[in-house]
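Have a look at the structure below before the remarks.
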Number of protein chains: 2
Amino acid sequence: MLSRRPAEVGISVADVDTPALLLDLEPFERNLRKMADLASRSGVRLRPHAKTHKCAMIALKQLQSGAVGVCCQKTSEAEALAEGGITNILITNQIVGELKCRRLGALARQVQLAVITDHLDQIAAYSRAAEEFGSTLSVLVDVRVGGQRAGTDAGEPVLALAERVAAAPGLRFGGLQAYNGTAQHIRDWGERRAAYCKYVDKISETVELLASRGIPCETVTGSGTGTHKWEAESGIYTEIQPGSYIFMDTDYAANLDEAGAGWQDFEFSLYVLSSVMHCGEKDYALVDAGTKAVNIDVAMPAVSGRHGLSYVHAADEHGWLDVAPQTPDLKLGEKLRLAVGHCDPTVNLYDWMVCIRNGIVEAVWPITARGTVL
Amino acid sequence: MLSRRPAEVGISVADVDTPALLLDLEPFERNLRKMADLASRSGVRLRPHAKTHKCAMIALKQLQSGAVGVCCQKTSEAEALAEGGITNILITNQIVGELKCRRLGALARQVQLAVITDHLDQIAAYSRAAEEFGSTLSVLVDVRVGGQRAGTDAGEPVLALAERVAAAPGLRFGGLQAYNGTAQHIRDWGERRAAYCKYVDKISETVELLASRGIPCETVTGSGTGTHKWEAESGIYTEIQPGSYIFMDTDYAANLDEAGAGWQDFEFSLYVLSSVMHCGEKDYALVDAGTKAVNIDVAMPAVSGRHGLSYVHAADEHGWLDVAPQTPDLKLGEKLRLAVGHCDPTVNLYDWMVCIRNGIVEAVWPITARGTVL
């Protein structure tokens, strides 16, 4: 179960064996700074989502550039990040089950831990666990913002849960979680903006309702890469949770900007390096990165820096490239960079991230929380 | 990078935390025996595909029930299985790149190792690697059997490669690899059978052509769970390579038998145990198994043993269930077994397989080669 490091520092990217998950550090660092600057200018806290990278080294860099902590989705993911040195974590997910709640209660002794809820039984379970370990768990109420999702309706239902949290031993009411997951990948700028706007007043009214009952919302948190500017400038959200911005992927790149052009707020920094393993056919070729090496659930990867090649299909261990007429011949073993389709589940396929700068391997980072499903 | 075992032996499956990959040992063992019996009756060798399970414990059980060795797809997968005690491995994939070829050459000193080819340059690379380590690598020529796949055309092109293998230092010609990947999931029995039949004569003629040039094919290997009986009874194939039969999945279960009925040659033995994490809505509920816990590339998982619930959509950490009218209420934290949609990439998401018999955890097996992409 101990995987070997896939590359040594100092070697050229041309010598990295494939498939490998590559992080190009310069665009990565520009993305890191750009989001931190935006949050700072807008006067909101930045709490990037670590479900995207699952990597303590990246979380530390986000903290170093101004983030107040990170988000994650799973109890075991929070544990892994805590073991990697992260001390302020919000789990933006309902945690269900006695075993996991007890792990939360225990972890809250080690780090500043928050979690969300949409159910009275869950509040009771969180409270029992925090009491058992003598810890304090911050609990935010999850407001449903669009779509058939988890969370509870804005207004009175939130109040009922918030009051219960505030009264529960071992818990403190942390505010509201309001993530508009449905809006993030709406391609058209106007439609995306409308999907974002639809719930903002309700969140605002809910904050006022809670305040009128003596329950201040110190935090209203949410947002993603697709809508981050709007929550940042809303005057309602106090914290934003973007994840994919550090890497980008072809799914987010298909979003359009206000002018209807390609959306280029962030740069691609994450690639799967692959090798051509079958070529010489008229109109197709195969690479060694299939679905066990690059996720294709929502979007196909794109071949970077080489015209005429489209990644169109994948089997478990093979990727199919359409080869357009007049494309210069591919060579057996030729290495191609694939810009990933969906960054989060692609990262989760790897134990290590090979970090390069100007074509040289500068670091190989463990993906600390890879596979943490619990 | 060391993940903790997700369950202890002796506990009830009801106490296994979720999401967890469950292997129900009784149907698994029946599947194991059924395929071994079929191969034995048909007079072909059985070399199950370990890309499906990536688990040395399962490979050992396959060997104990009569398999001659296993197949795998990746160099690093072969290394992991060798470290897990497997001594006879065929990599049914083209291996490209000097680094990986050298690893093959080295591994061939430790175990009986075979690999396939469809390119002269590759044969040269295999030969250099075997010579460097003073090992003997068995090399089979990959005959393309349907579809836009790797491999070379039957007949003369195979002969040219076989002659080159036979003459190359460090290599021995191991026969033909002829896997009809395109046929496996054709739903209609007659169409599936036709897709299988289409290439059989060509393989047979190629074997004769090679024999006429003094190159005997000691092995003609291929086949998958969807067509296994036909290759087994073909009189041409000497070895079959089914993988999914030990687990089954909803994708294979959608194949039809000769009478147009559901295909039930093998039983479901693999599940993802999940928990309800949001319920109480009119027509949907959420479980804690999304795409990081169950693959949805080709087919959706199916809720087992509970009517009115359909797994219809997944996000990274959430699965959506459609809840039919009159379905008995779900409880928060209720555990549901999901029969997996596609077994191979689902297994690859987990470090451990929780093995149960009559509802009690009997073993927790490491998924030895999980994540071996190289």
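The values are calculated or read from the model by the stated rules, or taken from the named source; none is laboratory data. Remember, predicted model here, so these are calculated numbers, not experimental data. Note that each Cβ is placed from the backbone with ideal geometry, even for glycine, and that neighbours are counted across all protein chains shown. The accessibility values were calculated without ligands, DNA or RNA, using every heavy atom of the protein model including side chains. Shrake-Rupley method; radii C 1.70, N 1.55, O 1.52, S 1.80 Å.
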- Within the stretch B:95-125, track down each residue that is part of a strand (DSSP E or B) and crowded, with 21+ Cβ neighbours inside 10 Å. B:L113, B:A114, B:V115, B:I116, B:T117
- Message: Checking B:S304 against (1) under 20 Å from the mean Cα position of the chain (by Cα); (2) closer than 29 Å to B:I367 by Cα: exactly one of these is not met. Which one?
- Response: (1)
- Item | In the stretch A:238-259, residue most open to solvent (accessible area, probe 1.4 Å) [restricted to those that are of a type outside the set (S, T, Y), touching a Phe, Trp or Tyr at 6+ places or on another chain (Cβ under 9 Å) and part of a helix (DSSP H, G or I)] | A:A253
- Flagged pairs (Cβ under 7 angstrom, 6 or more apart or on separate chains; first in the stretch B:29-57, surrounded by fewer than 24 Cβ atoms within 10 Å (Cβ to Cβ) and assigned to a strand (DSSP E or B); second at pLDDT 95 or above and of a type in the set (A, V, I, L, M)) are B:R45/B:A39; B:R45/B:V68
- Selection within the stretch A:283-334 - over 30 Å from A:T182 (Cβ atoms), among the hydrophobic types (A, V, I, L, M, F, W, C) and surrounded by fewer than 15 Cβ atoms within 10 Å (Cβ to Cβ): A:A324
- Task: Could you list all residues from the stretch A:1-28 that are open to solvent by 70 Å² or more (accessible area, probe 1.4 Å), within 13 Å of chain B (Cβ to nearest Cβ) and at pLDDT 95 or above?
- Result: A:E8, A:D15
- When residues of the stretch B:264-276 are filtered for being more than 18 Å from A:V373 (Cβ to Cβ) and either within 10 Å of another protein chain (Cβ to nearest Cβ) or open to solvent by less than 20 Å² (accessible area, probe 1.4 Å) (or both), how many remain? 2
- Task: Would you mind stating whether A:V340 is touching a strand residue (DSSP E or B) at 6+ places or on another chain (Cβ under 8 Å) and open to solvent by less than 30 Å² (accessible area, probe 1.4 Å)?
- Result: yes
- Message: Criterion first (away from chain A (no Cβ under 14 Å) and either more than 30 Å from B:A195 (Cβ to Cβ) or touching a strand residue (DSSP E or B) at 6+ places or on another chain (Cβ under 7 Å) (or both)) does B:Y237 satisfy it?
- Response: yes
- Item | Filter pass, A:N93 being more than 10 Å from chain B (Cβ to nearest Cβ) and under 24 Å from A:A369 (Cβ atoms) | no
- Report, by residue number, each residue of the stretch A:192-208 that is part of a helix (DSSP H, G or I), farther than 19 Å from A:Y252 by Cβ and not aliphatic (A, V, I, L, M). A:C197, A:D201, A:K202, A:S204, A:E205, A:T206, A:E208
- Query: Here are some conditions: (1) under 30 Å from A:S12 (Cβ atoms); (2) within 14 Å of another protein chain (Cβ to nearest Cβ); (3) out of contact with any strand residue (DSSP E or B) (no Cβ under 6 Å at 6 or more places or on another chain). B:A160 meets all but one. Which one does it not meet?
  - Reply: (1)
- Among (1) within 11 Å of chain A (Cβ to nearest Cβ); (2) under 25 Å from A:T291 (Cα atoms), which single condition is B:D121 missing? (2)
- Message: Among the residues in the stretch B:341-350, are any under 18 Å from B:D24 (Cα atoms) and either more than 14 Å from chain A (Cβ to nearest Cβ) or of a type in the set (S, T, Y) (or both)?
- Response: yes
- Item | Selection status of B:G85, within 28 Å of B:D24 (Cβ to Cβ), away from chain A (no Cβ under 14 Å) and without any contact (Cβ under 8 Å) to a residue 40 or more places away in the chain | yes
